[in-house]
Amino acid sequence: MCSMDHNLAGVLVGKVCIIGIGNTLRGDDGAGPLLVKCLQSRVQETVLDVGEEPLNYVDVIESSGPDTILVFDAAELGENPGAIERLNLEDLSKHVTISTHSIPLYQILKLIEMRTHAELVVFGVQAGSLHLGGKMTPEVKTAVEKFCEDLIHVLEKRRG
């Protein structure tokens, strides 16, 4: 489970845009949208649920003028469900993201990085269940909610 050990405070610089990726109809793949739902109306930063197609939101992300983009998605990390890891963008292709993106997530994120010149910070949460119509596992739900609270704490602290 994520705690402040991911050093969120050290990576969220300038204007921040937070992107949740995933499909709420596929159990734990809804982790990204759950994070967005948890953050909405609780933070001043741009928060976007981009569903399964982050490519459709490149212009919206770019127009928000971010310095840092935090990306959150379900991933196959080889860990227990609910484990959250920061993923290096260059190594992202080694991790199998769960969302069914029409273009590999790595390529979409490189495009966003190129268009925005923002620092990309990518977090993946280990999924447990991805059944269509299935519910999110308690481990993933708890981990996402904890990550959300940690993130809110860091963002509030930045504002002073």
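Every read-out reported here was derived from the displayed coordinates using simple, explicitly stated rules and does not represent laboratory data. Just so it is clear, the structure is predicted and the values come from calculations on it, not from any experiment. Quick reminder, even Gly has a Cβ in these numbers, built from the backbone with ideal geometry, and neighbours come from all protein chains shown.
For the chain, which longest stretch is free of loop sites, where a loop site is one of the trypsin sites (Lys or Arg not before Pro) that DSSP puts outside H, G, I, E and B and that has at most 15 other Cβ atoms within 10 Å? Don't skip to the end; give the middle numbers.
Working: sites that count: Lys15, Arg42, Lys135.
Counting only loop sites that pass the neighbour cut-off, the longest clear stretch is 43-134.
Do you know the relative contact order of the chain, to the nearest whole percent, from alpha carbon pairs under 8 angstrom that are 6+ apart?
Details: 338 pairs, mean separation 54.0, N = 160.
After rounding, I find 34 percent.
What list of whole percents do you get for P(r) of region 4-159, with Cα-Cα distances grouped in 5 Å bins up to the one holding the largest distance?
2, 10, 21, 25, 22, 14, 5, 1
Taking H as built 1.01 Å from N, whose amide H comes closer than 5 Å to the amide H of Val47, not counting residues under 5 places away?
Close amide H contacts, sequence-distant or interchain: Ile18.
So what are the ³J(HN,Hα) numbers for region 20-26, from phi and the Karplus equation (6.51, -1.76, 1.60; θ = phi - 60°), rounded to whole Hz, Gly and Pro as x?
With the stated coefficients, region 20-26 comes to x, 10, x, 10, 5, 8, 10 Hz.
In 5 Å bins starting at 0, how do the alpha-carbon pair distances of region 29-70 split up by percent?
5, 23, 28, 29, 15, 1
Given +1 on the Cβ of Lys and Arg, -1 on the Cβ of Asp and Glu, and no further charges, what dipole in debye does region 4-159 carry about its Cα centre, rounded to the nearest 20? Could the numbers behind the result be given before it?
Working: 14 positive and 23 negative charges, 67 e Å.
Computed charge dipole of region 4-159: roughly 320 debye.
Can you list the lysines whose alpha carbon sits under 26 Å from that of Lys135, skipping same-chain ones fewer than 8 residues off?
The qualifying lysines are Lys37, Lys146.
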